[in-house]
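Below: one structure, written as structure tokens.
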Amino acid sequence: MDQFKGQARLPKFAVPKRYDITLKPDLTACRFAGSVAVDLNIVAATSFIVLNAAELSITNGSVSFTNRDSSKVLKPSSVALFEDDEILVLEFPETVPIGFGVLAIQFEGILNDRMKGFYRSTYEHNGEKKNMAVTQFEPADARRCFPCWDEPACKATFKITLDVPSELIALSNMPIVEEKNDGNLKTVSYQESPIMSTYLVAVVVGLFDYVEDHTSDGVKVRVYSQIGKTNQGKFALHVAVKTLELFKDYFATPYSLPKLDMIAIPDFAAGAMENYGLVTYRETALLYDDQHSAAANKQRVATVVAHELAHQWFGNLVTMEWWTHLWLNEGFATWVSYLATDSLFPEWKIWSQFLDEITAGLKLDGLAESHPIEVEINHAGEIDEIFDAISYRKGASVIRMLQSYLGAEPFQRSLASYIKKYAYSNAKTEDLWAALEEGSGEPVNKIMTTWTKQQGYPVVSVKATNQKLEFNQSRFLSSGAQGEGQWIVPISLSFGSYDVRKNFLLQTKSETLDVKEFLGTSIEDKGVNSWIKLNVDQTGFYRVKYDELLATKLRYAVEKQLLTATDRFGILDDLYALCVARQESLTSLINLMGAYRDEADYVVLSNLITISYKIESISADAVPDLLEPLKQFFISLFQYTAERLGWDPKPGESHLDAMLRGEILTALALFGHDLTLDEASRRFQAFLEDRNTPILPPDIRKAAYVAVMQRASKSNRLGYDSLLKIYRESDLSQEKTRILGSLASSPDPDLILEVLNFLLTSEVRNQDVVFGLPSSREGREVAWAWLKENWETLLKTYGSGFLITRFVGATVSPFATFEKAKEIEEFFATRGKPSIARTLKQSLERVNINANLVESVKNEKDLADTVKELAYKKY
């Protein structure tokens, strides 16, 4: 039996074709019993059957294999569950005959509280606390509910039956075919599913209500929520119906099931899960309340619903062959969710916000401890950690880069043929490249292999000499170190106008381009339209470093608003990244930021705010004397927009202005702007007295809460206690997470510690604790001490899922000394777990990057003069 231990994949001698599963959850005792009969094709002579199982107890004497031809029943001589490998090994006294047969197993398990496998979630109904039973199987937790071949390539059909209390709603992937009542219990049987992977099987049992609609071709769509919250499901329902119709056209393939249910689960580790025909969500990602949800919440619901429904084709119908190709699922669904949202809500200009996806991908991939998009997975325990910004965000970004290079029409046509070809089966990355290559005639595989099989990305340096541009590529690392690697880079250029463009592939380390024909003048010309911008509209996944001449021209073009918002964003973000890598000075970054004083665009300002927070944090460690003038400079940068937007929503204003108002006011509060803090306090008091007052609409609530916490401390805790009161009285998850995300922004470490201890009480759901972790400089020491003290508790609660990585990342990354990096490393040396190994290395690398940056900033000679001049300059 030991030969099967320590293997990444199951042996291939038995192939599952169909599962007949019965489950009987006990919601009071929090246990479940079940049975499974698997139709198997034995394809090689063996006396073993090996499948996945974990945390299940197999009923003695219940295991048998019946050969279909001879009807001979074989009983195993040995049944062993290897928990470390999560496999069930059945040894038979004789060879199992080749051909078809049925494997039958009975088992029992616990409805756990860890938000994975078959688990329990709690809710209140008429003031009484109740349990519901929910499944979350991706990536590898179907084995915690029933013994199975728990690998994406082992697709089969599923016939599911549930025995549940008769007053409850019981849902699964397929429509109900029969319900039989027997006193307090009922047996619910579902239609057999099409062929699918185990990680997409789903079951939910609890008290729910729903809203319903149909697509134009008759697919029944429902949004389920707790009783009393159905109105909050209407927006998601509208998005779902429209999105199913859109994707049917885009993929040239209809949605493949007769119904689609979407359901809000109170305890849910991820944002949502694309189970075939029964998509599960956190409440914040599915429910939208007209009165108490912000514009950002509405956008989140739309993009998450579109993401999950994209998976019904890309992931569920066509499935990755193994977790190495996870990015095919997640990168693609992320990219296409923007396509759908843009089609439904063009006024949101959602593609400009795709820049946030690119930036997050570039940030993580700028680390030496990143990983390639296609990453080897050798154990189920390693899968959780790759549900990260590389698989989702870099994945989405390289798809967008490729679509931009090939053109929208050939790209869409090729995708449709890929879906048709691999429907109801599995595909690898190379299969997608082959389809796109065939449809476009371009060398897609050759280009894209450089982006998916090696980690990292290039910085393209560009230098102007005479009438030529010199391009050089090298791997970009945030540490400033020299990196290895070479990419085939789709370069796009604009020369003084978006009508004058040039595109080419940079296939070597360096290349020179004669640009005489594009300039109409000398490259040294100081004219207003003599700027040259690389990576037009930021469709490429790379950084750009300009020489001084080109950078000066671009700064002028930013100031005079001659560039698109997307390009203004890119110039700022690239210079910031180069500053972190110590390839450009902080002085030059602050000088460039001064050119954005009249900026009005949401996505540019949002990034400007994020960069300001980082500069403030680094400067506080490096040059504390400059902290006040720096804050003054940031306040002056954002005041123009704050005054334009005001505190109150304007009739007919844009969705983006609504989101921007909250972010700008939050920034002014964090930088200690007294007028903002006073006004926030006044409005907060009015809100405390009347929760329906129009004076504190949802879009600015977070800003007001952060402002209140800026003045809260252990000795002046009125604001803190008031926020806790609102938290306790609110039934809306979005409101609760808004408050949790504000509490730790107090500058008082003693109060931050109280917040951290509150997070571990029963008042905060396990899924939400990470929202309350402090990200401030004042909070980092106390958060680290708290993490060390509570590490065992946190491991027990979160150790087997991906949320544990959030605690490590959030607590470790804000530090900025080499000594602290050492101390953290020593603490985890004896407490590490495989599931946090990658995150810990990445977080320590970030600490070292911060520490190097602090040392570098200390030595900048012109920084103080530049900051003071910009801070107190009159405009």
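Observations on the model:
- When you work out D = kT/(6 pi eta Rh) for the range 285-381 at 4 °C and 1.567 mPa s, using the Kirkwood radius from C-alpha pairs as Rh and the Stokes-Einstein form, the result is 85 µm²/s.
- Surface/4 estimate of mean projected area, convex hull on alpha-carbon atoms of the range 462-512, nm²: 4.5 nm²
- Here the alpha carbons of the range 229-268 define both size measures, Rg and Dmax, at 12.4, 36 Å.
- Crossing angle, helix 834-858 versus the chain [Cα axis fit, 0-90 degrees, rounded to tens]: 0 degrees
- Summary value for the chain: 8 percent relative contact order, contacts being C-alpha pairs under 8 angstrom separated by 6+ residues.
- Relative intensity of the range 469-595 on a log10 scale, I(q)/I(0) at q = 0.18 Å⁻¹, equals -1.05, per a Debye sum over C-alpha point scatterers of equal strength in the absence of solvent.
- From phi via Karplus (6.51, -1.76, 1.60), per-residue ³J(HN,Hα) for the range 793-807 in Hz, x at Gly/Pro: 4, 5, 4, 5, 7, 10, x, 9, x, 7, 5, 4, 5, 5, 4
- Span from the the range 674-707 Cα centroid across to the the range 632-646 one, whole angstrom: 18 Å
- Averaging the Cα positions of each part gives two centres, and for the range 373-428 and the range 155-171 these lie 32 Å apart.
- Kirkwood estimate for the range 1-201, i.e. one over the average of 1/r between Cα atoms, Å: 17.6 Å
- Where the range 264-406 is the region considered: accessible area per residue in Å², 1.4 Å probe: 22 Å²
- Cleavage-rule hits (chymotrypsin sites (Phe, Trp or Tyr not before Pro)) in the range 792-872: DSSP loop, at most 11 neighbouring Cβ within 10 angstrom: 872
- Relative packing of peptides 296-309, 705-718, 339-352, 535-548 - highest average C-beta neighbours within 10 Å first: 296-309, 535-548, 705-718, 339-352
- Diagonalising the gyration tensor over the Cα atoms of the range 736-800 and scaling each eigenvalue by 5 before taking the square root yields semi-axes of 18, 15, 9 Å, largest first.
- A crude spin-label estimate for the pair residue 7 and residue 214, with each label 7 Å from Cα along the Cβ direction, gives 4.9 nm.
- Calculated FRET value between residue 425 and residue 100, using beta carbons and R₀ = 22 Å, to 0.05: 0.65
- With the cut-off at under 17 Å, measuring from each backbone N in the range 326-370 to a point 7 Å along the Cα-to-Cβ line of residue 509 picks out no residue.
- In degrees, nearest ten, helix 655-670 long axis to first principal axis of the chain (Cα): 70 degrees
- Histogram of C-alpha separations across the range 771-875, 5 Å bin width, %: 2, 11, 19, 21, 14, 10, 7, 6, 5, 3, 1, 0
- Anchor residue 858: aspartates and glutamates whose Cα lies under 19 Å away (excluding residues fewer than 8 positions away in-chain): 584, 616, 621, 625, 628, 819, 869
- In the range 608-707, trypsin sites (Lys or Arg not before Pro) in a DSSP loop with at most 13 other beta-carbon atoms within 10 Å: 691
- Per residue, the convex hull spanned by the Cα atoms of the range 414-497 measures out at 158 cubic angstrom.
- Overall form of the range 149-224 per C-alpha gyration tensor (a/c, 1.5; a/b vs b/c): oblate
- Rg/Rh ratio calculated on Cα atoms of the range 1-86 (Kirkwood radius): 0.97
- Heavy-atom accessible area ranking, 1.4 Å probe, most first, across 468, 841, 553: 841, 468, 553
- Only alpha carbons enter this Debye calculation for the chain, each as an equal point scatterer, and the log10 of I(q)/I(0) it gives at q = 0.05 Å⁻¹ is -0.29.
- Base-10 log of normalised Debye intensity for the range 347-453 (one unit scatterer per alpha-carbon) at q = 0.19, 0.24 Å⁻¹: -1.11, -1.33
- The spacing between the range 762-841 and the range 446-493, judged by their C-alpha centroids, is 34 Å.
- Partners for residue 242 among aspartates and glutamates (Cα-Cα distance below 18 Å; same-chain residues under 8 apart left out): 212, 213, 217, 261, 274, 308, 342, 347
- Working ranking of peptides 123-129, 771-777, 213-219 by packing, defined as the average number of other Cβ atoms within 10 Å per residue, highest first, is 771-777, 213-219, 123-129.
- The residues of the range 622-872 expose, per residue, 42 Å² of accessible area to a 1.4 Å probe.
- Size descriptors for the range 216-328: radius of gyration and Dmax over Cα atoms are 14.0, 44 Å.
- Computed from the C-beta positions of residue 28 and residue 343 and an R0 of 41 Å, the FRET efficiency is 0.30 to the nearest 0.05.
- Order of exposure, largest accessible area first, which applies to 754, 729 with probe 1.4 Å: 729, 754
- Histogram of C-alpha separations across the range 622-872, 10 Å bin width, %: 7, 26, 31, 25, 10, 1
- Rounded to whole Å, sorted largest first: equivalent-ellipsoid semi-axes of the range 339-403, Cα gyration tensor: 27, 13, 10
- Residue-averaged [θ]222 nm for the chain, counting only DSSP H segments that reach four residues, each worth -39500 (n - 2.57): -13000 deg cm²/dmol
- Near the amide H of residue 696, within less than 5 Å, lie no amide hydrogens of residues on another chain or at least 5 residues away, with H placed in the peptide plane.
- Relative contact order [Cα under 8 Å, 6+ residues apart], the range 622-872, whole percent: 18 percent
- Share of alpha-carbon pairs per 5 Å distance bin for the range 532-629, given as whole %: 2, 13, 25, 26, 19, 10, 4, 1
- Convex hull volume per residue, computed on the Cα atoms of the range 699-779, equals 82 Å³.
- Value of relative contact order over the range 347-453, rounded to a whole percent, pairs C-alpha under 8 Å and six or more apart: 28 percent
- Compactness index (Cα Rg / 2.2 N^0.38 Å), the range 44-96: 1.17
- Along the range 65-79 the Karplus relation, 6.51 cos²θ - 1.76 cosθ + 1.60 evaluated at θ = phi - 60°, assigns HN-Hα couplings of 10, 10, 6, 5, 6, 9, 6, 6, 9, 9, 10, x, 7, 8, 10 Hz to successive residues, with x for each Gly and Pro.
- Note on the range 578-730: Cα-only Rg and Dmax are 16.8, 53 Å.
- Projecting the Cα positions of 477, 518, 539 onto the charge dipole of the range 457-558 (unit charges on Cβ atoms of Lys, Arg, Asp and Glu, taken about the Cα centre) puts 477 furthest along the positive direction.
- Between helix 749-759 and the chain: long-axis angle, C-alpha atoms, 0 to 90°, nearest 10: 20 degrees
- Pairs exceeding a 20 Å alpha-carbon distance, out of 394/468; 155/420; 702/725; 363/509; 349/736; 155/421: 394/468; 363/509; 349/736.
The values are calculated or read from the model by the stated rules, or taken from the named source; none is laboratory data. Keep in mind it's a predicted model, so treat the numbers as computed, not measured. Reconstructed Cβ throughout: ideal geometry from the backbone, glycine too, with neighbour counts over all protein chains shown. Accessible surface areas use protein heavy atoms only, side chains included; no ligands, DNA or RNA. Shrake-Rupley method; radii C 1.70, N 1.55, O 1.52, S 1.80 Å.
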